[in-house]
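Down below is the structure, laid out as structure tokens.
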Amino acid sequence: GKYHETILFPERLEGKENWQRLMVFLRMLEHVQAGPLVFNLEDSLSFTSWDGSTRNRDDDPPRTFSRWVRTIPGVFFSAVVEIPYANASGQAVTAETARAFGHDLARAMRKYLESLE
């Protein structure tokens, strides 16, 4: 389908603290990315078919890694990122391009953490 070759953060916790913090981070990622693999926030916001049977409320028992890790004291926010194996929005996913996306994630994380000071 449309999202099989797209970088996604398939989180659905709108209105919750984790979702709000994650949205700030994802906007920063979209702004600072410089590598060939492109993250588009709108793709993640539009993506609604992933794991629909296991979506639950924050007070339900954790069913996903990102929900479980939020139960650990001191975790500020959590997320899952899905990166296609071969092609991400028309760009080849290789060791080099994946590393470049990792650098983009690190830049966004640094900017996010600096914004908290």
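The slack between ILE72 and GLN20, meaning 0.36 nm per residue of separation minus the straight C-alpha distance, is 16.9 nm.
Each residue of the range 100-113 was assigned a 3J(HN,Hα) from its phi angle through the Karplus curve 6.51 cos²θ - 1.76 cosθ + 1.60 (θ = phi - 60°); the sequence is 4, 5, x, 5, 4, 4, 5, 4, 5, 5, 4, 4, 4, 5 Hz, with glycine and proline shown as x. Close amide H pairs (under 5 Å, H built 1.01 Å from N) link ASN87 with VAL93, residues at least 5 positions away or on another chain. Rounded to the nearest whole Hz, the Karplus-based 3J(HN,Hα) values (6.51 cos²θ - 1.76 cosθ + 1.60, θ = phi - 60°) of the range 23-35 follow the sequence 4, 4, 4, 5, 5, 5, 4, 4, 6, 8, 4, 10, x, with x at glycine and proline.
Per-peptide packing, taken as the mean over residues of other Cβ atoms within 10 Å, places 29-41, 77-89 in the sequence 29-41, 77-89 from highest down. Spin-label model, THR64 to GLU30: label points 7 Å out along the Cα-to-beta-carbon direction sit 1.8 nm apart.
The modelled label-to-label distance for the pair THR94/LYS111, using points 7 Å beyond Cα in the direction of Cβ, is 2.6 nm.
Read-outs: derived from the displayed coordinates by stated rules, not from any lab. What you see is a predicted model; the values in this text were computed from it and never measured. So basically every Cβ, Gly included, is an ideal-geometry build from the backbone, and we count neighbours across all protein chains shown.
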